[in-house]
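Here the structure comes first, spelled out in structure tokens, and everything after it is commentary.
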Amino acid sequence: MKFPPLMMGIVLIFWGWSRDQWLVGVAAAIVVETLRFIPFRLQLKESDFRKVFDVTVSLFLIAIVLGFIVLFNRGTPALLHSIRYWSAMVFLPFYLTTLISTQNHAYSRVFFYVLRRYFKQKDLDPQPLPVGIIYFFLVLIVSGQTYPVRPFYPLLFCPIAFMGLFLLRPLKRMTIGWVTLILTGCFMGYGLQWSLHEAHMRIDEAGANVVYWLKNGNFDAYKTSTAIGSIGKIKMSDRIVLRVKPLKNQRPPFLLPTAYYNNYRNGDWIAFKSASRQVDVPANGITWQISDSKDLKDDLMILMYPGKNFETLPAPAGTVRFDNLRVESLALLQLGSFRAKGADLLLRYRVAIVPAFEHAKNPDETDLLIPDEERPGLRQFAKESGLTGRNPTESMALIERLFEGSFKYTKFLESSESGSLFKKPTPVSNFLLKTKNGHCEYFATAAAMLLREAGIPARYVTGYAVQEFNSKDGMFIVRHNHAHAWVQVYIQGKWVPFDPTPSSWTAIETTAVSPWRMLKDKLSDLWLGFNNIRYYGFEDFSPSSLVPYLIALLLIPGVIVYRRIRKTAARIKAQPTATIDSLQTIWQRFEGLLSKQGYVRPHSCAPLQWIRETAPKLGHPIEAEKLLNFTLKYYKLRYGSENERVLESEINQLNALIDSIHIGDKPENQTPHVAH
Amino acid sequence: MSFFDLISFWILKSFFHLERWIILRTTGEGRIFLIVVLASGFMGLNTYETQIYQGFAILACIALLGWMGSNLKRKIVIQVERRVPAFAGSQEDFSHFVIITNVEKKPLPAGMLLYESIDFPVPDKKTFLAELERFRRSPEKMNPFIRYSMARVITWKRLLRSQGTAFTNGCPIPILKPGESTTLRVSSTGRSRGRLHFTGVKVLNPDPTGLFYSVSSIACRSSMTLLPKQHSVGLINLRGKSRYEQGGVALAAVLGESEEFVSMREYRPGDPLRRIHWKSWARTGQPVVKEFQNEQYVRHALILDTFATPILEPIFEEALQAASSFVCNISTQEALLDLMFIGDKSYRFTVGRGTDLTSSMLEILACVRSSESGIDQLENLILRHIETMSTAIIILLGWDAPRQKLVRRLQQLNVPLLVLAYARRAKDKFDFIDFAADKCTFKQVNPGDTPRVLTTL
């Protein structure tokens, strides 16, 4: 297959454009196109092709192995992406070999040892392979490994693919049709690629749901793995995790903590030196006293499904008492987390809060620890933004202002290709200095590190943001995507919560609402209502809340049954009522009519033949026509397709036809007319 | 039967149909294009990290449109007549002719291909599982990986070879005007022996993108036989003497030696009356009959051991090749050749001296399959016909005790023997010392060594 001029050059330049490797792309294009004008060719043997291919593939495989080593060591697939991209250049020598050879193609048994043995064993003739077209498409595909993202990539891909497909089309065949098909395919493909990306995100979310379901959304009291460094969309669903009901006429705290950590390492936060203290088992088994506080009214009620891996108990800061908490044991960690074990399927507990109360231990050296690899980036940022030398309050305010103004909250993170392939900046440094966008874990981790850098003890807190109020049942709904991370800062002798994430994050989380959410919420409410009754009796039960569900329960089956009845009735009505007997009766009636007038059909004569012979002799063309029509219609019904139904209406038509036939009396002196 | 066996069956069957789909429905360029589409789909899986998925989407839509276009193309209607040879070699190239006539009112479009439709013996689930079980029960020593894992692939391939199959090349169809005919020469390569059934032809018409074919099937049935491979055989001296053929010419059903008058003798009760020599009776006063020389024939037996477990199938095929070679090379002008083997029952076929053609016997050998019954049945068959046997060529699939017993028995009956014993592996060594005798020749045949051994006979 001969390549038209410039075609391979164009695709190489396109490859160069996709990653700003203009020099290499253009140089390769020039080399490839220039060879076309050089008449010099080499008579190469199959062994020469094999050697070139073996060297090429060996280099490629070594690069792949290296890429995987880097991936496992540093967790970044950047090298693999680069290898994939540069494979176009790795295989260029092999393509050039075919260009300068006299054959202009390579045989299939050149490739891979396995194929060579196969052809030898089977004693088969090798197939010539069009190396040029294969290389063309290889370059076209790997050029998709773009950096940065090229919005015009698909638009430029189409005409280049068009060129390649033009070479593959059957000669002299329907050029207009071919062009129309390819253009239609390009348009369809352009639409499809959006759907693919969307589908990928949905699958990720669904996967997150499964993982979340398996872990039941519980936080580990001693370690949490963040998504710092991960690429792609942060996977959060809108599944309801817990419900918070204020028992006093005041809004519950916006931040509902679950676990506290003080040591950061490579994307994980750990609760270091956080011994636990068992809370005394209460006499009644359900009222757990954290401190000696009496005559307190409960502030909040929290409903949640603990699940199998349940560990940490969501509790607002200042919690002094848990009421109606049905667990086997409760422990308080020094950093402030509550660990509970042996919970029921549904927990519905109440908490009493004393804002001034603090059960977290005072800060120690762990609350100022910064990993060595983070220091350079933090120092640079602190220097650039003027954080150095400020007091805690000023530092917090400055950080908040900086993050709110210069940073952006996003759930979607692109791959970072900055730095060298082997030494890359840490994700936190990259976030602070380069990308300036991330999710709450980035903001919280960076803020904690920056405060520690400024000498202010800080801890990392995970929990939920209580923001969505359901006026119907007077509860705050907390969903999976309301999970949040913030910082706890030690200022003026107490731990103060500090949320450095830009406030726009709540709006971003609430915009992407699934169309199924309402239905899922209703089902969740129904399930909660059922479990409430099951575990807590009819306390707080309102019968009226079940009415819509009862109606739905009765309505849906009712509609289904009604439609079934109608379908059955229609089917019965549509059944054929005519049978073969009915048709035979009609024919007998027809024959009887004719025989009365002296026209008798001999037994050996087929009905249609008899009518064809008899009808012209009647002397009444119109009646003859009727006879013929009747017979043809009868034949069609009687001997037609097995699947055809004979309806009653058709039988009636035949009867009507018979009634309309008027044949004159047979003359007396005529013998009965018998057709042969 | 395990769950994995069932899954393997469906996977193998799917791959088989997929392979046939690819051969019939995709052009050469289409295959390259599909590989490109799949590769781009694989590389573009992570839509966060690469834009390759965008290229994949475009190429996939083009492929889809091409496939849809191939399904919507009009079906080609032609008249087909096929002329196939009666026989061909199973691992050799052969060609036959197909005459096609354009019966449509439009000329045939350019670029079409004609492919032969061959009836492939695709096994059903029950057969596959039964044969798989049979393979696993083979008493021969086997690597457990082969016995339990590779057995599935081996069984599948074996079942696909259970009747004649061939690989046919597509033949380009020229542009034909309405009513015009042309003769196409279709070249094929035999894959496995047996009856090869052509069920029809498929006319492949490429779609506008040139990636897929639309397929029009035209029924046209024919059959031929793919014979086992034959090798040249050295000059064998089959030392056999004529044996009395009871029943004379009638039962021998050959043009045998004519009856010759030898002498007279007294009448004995039971002698046919037409042999009474009346003149002598008149002279002697007692009934006298004429005595004739009885018919005698040289009858060679070719005994084929068909008791092969599935693992011995390759050896069985070689044994068949040896048997076919003998059939082709033994002169049957003056002798008869009896082929004996056990299939689903006992079989004995005779060729020579006008009884039947060598080609018929080769045809029979082409369709022989291995048997599950024991060597005793073969022994019974041989002993039933031992009286008429002048010499015996025995082809055995091994040299175990039952087979040695059979040979010993034949030696005791003074039948000159030529024994070819096939070894499963080259390192196996058979000991024929105890069987060495006059008029008996023993040869061990290692796998792949059949041509050499036959030439050196």
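The values are calculated or read from the model by the stated rules, or taken from the named source; none is laboratory data. On a predicted model such as this, the values are computed, not experimentally measured, just so you know. Don't worry about glycine lacking a Cβ; one is built from the backbone with ideal geometry, like all the others, and counts go over all protein chains shown. Calculation scope for accessible area: heavy atoms of the full protein, side chains included, ligands and nucleic acids excluded. Shrake-Rupley method; radii C 1.70, N 1.55, O 1.52, S 1.80 Å.
Figures for the structure shown
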{"read-out": "Residue mean of other protein chain beta carbons inside 10 Å, B:415-426", "value": "0"}
{"read-out": "For the pair B and A, total buried accessible area rounded to nearest 100 Å², probe 1.4 Å", "value": "3500 Å²"}
{"read-out": "Long-range amide H partners of B:K439 with built H, under 5 Å", "value": "none"}
{"read-out": "Hypothetical label at B:L64: residues of segment A:185-204 whose amide nitrogen lies under 19 Å (7 Å Cα-Cβ projection)", "value": "A:185-203"}
{"read-out": "Kirkwood hydrodynamic radius (C-alpha pairs) into Stokes-Einstein, segment B:296-455, 37 °C and 0.692 mPa s, D in µm²/s", "value": "209 µm²/s"}
{"read-out": "Compactness of chain B - radius of gyration and Dmax, Cα, Å", "value": "30.3, 122"}
{"read-out": "Links that overshoot a 21 Å alpha carbon limit, given the list B:K405/B:K443; B:K405/B:K439; A:K223/A:K434", "value": "A:K223/A:K434"}
{"read-out": "Degrees between helix B:52-72 axis and first principal axis of chain B (Cα, 0 to 90, nearest 10)", "value": "60 degrees"}
{"read-out": "Given A:K596/A:K617; B:K141/B:K345; A:K361/A:K494; B:K75/B:K202; B:K13/B:K126; B:K13/B:K157, the pairs whose alpha carbons are separated by over 19 Å", "value": "B:K141/B:K345"}
{"read-out": "Enclosed volume per residue, in Å³, of the convex hull spanned by Cα atoms of segment B:4-70", "value": "104 Å³"}
{"read-out": "Solvent-accessible area per residue for chain B (1.4 angstrom probe, square angstrom)", "value": "48 Å²"}
{"read-out": "Long-range HN-HN contacts of B:I394 with modeled amide H, under 5 Å", "value": "B:I303, B:L418, B:V419, B:L420"}
{"read-out": "Relative contact order (%) - criterion: Cα under 8 Å, at least six apart; region: chain B", "value": "14 percent"}
{"read-out": "Spin-label pair B:A86/B:D344, simplified geometry with 7 Å Cα→Cβ offset, distance in nm", "value": "2.5 nm"}
{"read-out": "Relative contact order [Cα under 8 Å, 6+ residues apart], segment B:296-455, whole percent", "value": "26 percent"}
{"read-out": "FRET efficiency for A:K383 and A:D280, using Cβ-Cβ distance with R0 set to 45 Å, rounded to 0.05", "value": "0.35"}
{"read-out": "Loop trypsin sites (Lys or Arg not before Pro), segment A:307-362 (other Cβ atoms within 10 Å of the site Cβ: 11 or fewer; DSSP)", "value": "A:K308"}
{"read-out": "Whole-Å semi-axes of segment A:128-182's equivalent ellipsoid (Cα gyration tensor)", "value": "25, 17, 5"}
{"read-out": "Amide H partners (placed H, <5 Å) of A:S329, local residues excluded", "value": "A:K341"}
{"read-out": "Computed [θ] at 222 nm, deg cm²/dmol, chain B (DSSP H ≥ 4; -39,500 (n - 2.57); rounded to nearest 500)", "value": "-10000 deg cm²/dmol"}
{"read-out": "Cβ neighbours within 10 Å from other chains - mean over A:187-197", "value": "6"}
